[in-house]
1. Inside the stretch 117-153, can you point out the residues that are within 30 Å of SER84 (Cα to Cα), out of contact with any strand residue (DSSP E or B) (no Cβ under 6 Å at 6 or more places or on another chain) and among the hydrophobic types (A, V, I, L, M, F, W, C)?
2. Can you go through LYS87, LYS73, LYS47, LYS66 and tell me which one is of a type in the set (D, E, K, R) and in contact with a strand residue (DSSP E or B) (Cβ under 9 Å, 6 or more places away or on another chain)?
3. Being at pLDDT 95 or above and in contact with a helix residue (DSSP H, G or I) (Cβ under 8 Å, 6 or more places away or on another chain) is the filter here; which residues of the stretch 114-133 pass it?
4. Show the residue pairs that are 6+ apart or on different chains and have beta-carbon atoms under 6 Å apart, the first residue being within the stretch 148-174 and over 30 Å from ALA116 (Cβ atoms), the second being open to solvent by 60 Å² or more (accessible area, probe 1.4 Å).
5. Can you name the condition, by its number, that SER159 falls short on among (1) touching a helix residue (DSSP H, G or I) at 6+ places or on another chain (Cβ under 9 Å); (2) polar (S, T, N, Q); (3) assigned to a strand (DSSP E or B)?
6. Just for the stretch 162-174: of the residues that are assigned to a loop (DSSP other than H, G, I, E, B) and not charged (D, E, K, R), which one is farthest from HIS54 (Cα to Cα)?
7. Could you tell me which of the residues LYS98, LYS145, LYS66 is under 27 Å from PRO168 (Cβ atoms), of a type outside the set (S, T, N, Q) and either modelled with pLDDT of 95 or more or under 18 Å from the mean Cα position of the chain (by Cα) (or both)?
8. Got at least one residue in the stretch 21-40 being at pLDDT 95 or above, touching a helix residue (DSSP H, G or I) at 6+ places or on another chain (Cβ under 8 Å) and of a type in the set (Gly, Ala, Ser)?
Amino acid sequence: MKKPLGLSLLLMLGLIASSFAQVKDASKNLKLQAEKMGAALVKGDFKTFSTYNHPTILQMMGGAPKMIELMNKATSNMKTQGMSFNKVSFGEPSKFVKSGKELQTTIPQLIVMKLAKGRLENASTLIAVSSDNGANWVFIDTSNKDLATIQKFIPSISSSLVIPPTKPPVKYDN
């Protein structure tokens with residue numbers, strides 16, 4: 001039995017609309033979760049911050065408890081020097097790519113740090129990875145690393161992703 005042409009077109013349009021809705025939700029979820037991760041960093045909530053890190057990164061650091069311990073020590077040292085995380089913001093994600101069962105993209109990040117005298121702005125790129133089609137995201141900071149280096153540790157990262165070269169931080173005096 002043949003399906004009427006109109007019904008086939010409607011099904012096709014429904015699938016296309018569904019795909020756009022998934023990407024839109026994936027992008028919305030990505031930005032929301034990136035913002036939560038950034039807010040956790042600024043607040044010093046490293047337990048929450050660690051949940052947004054790619055599992056391989058956590059494993060390389062010795063697990064979430066070790067990462068939390070290292071982050072607490074680092075921020076404690078920063079505070080003694082009059083430094084702290086002031087603000088973290090994110091740009092728009094790049095085009096989403098499918099790598100195996102993962103959805104991947106990059107997203108620009110700007111970290112503003114308070115200094116004893118002034119502030120420091122550090123722009124970088126994060127790789128965002130979702131294994132559930134964009135519902136939940138984990139991140140990989142690419143600072144001072146190229147794609148080939150990251151792929152040595154996390155081979156599932158797509159070669160289609162583009163990581164711009166890291167720019168040096170910019171310091172502003174008071």
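1. Listed by number, the residues that qualify are LEU147, ILE150, PHE153.
2. LYS87
3. Result: LEU126, ILE127, ALA128, SER130.
4. What qualifies is SER156/GLY100.
5. (3)
6. ASN174
7. Details: LYS98 fails: under 27 Å from PRO168 (Cβ atoms); LYS66 fails: under 27 Å from PRO168 (Cβ atoms).
Residue meeting the stated conditions: LYS145.
8. Yes, the stretch 21-40 has at least one match.
The values are calculated or read from the model by the stated rules, or taken from the named source; none is laboratory data. Fair warning: this is a prediction, and the values are worked out from it, not measured in the lab. Please note: Cβ atoms are built from the backbone with ideal geometry, for glycine as well, and neighbour counts cover all protein chains shown. Please note that ligands, DNA and RNA were not included when accessible areas were found on the heavy atoms of the full protein model with its side chains. Shrake-Rupley method; radii C 1.70, N 1.55, O 1.52, S 1.80 Å.
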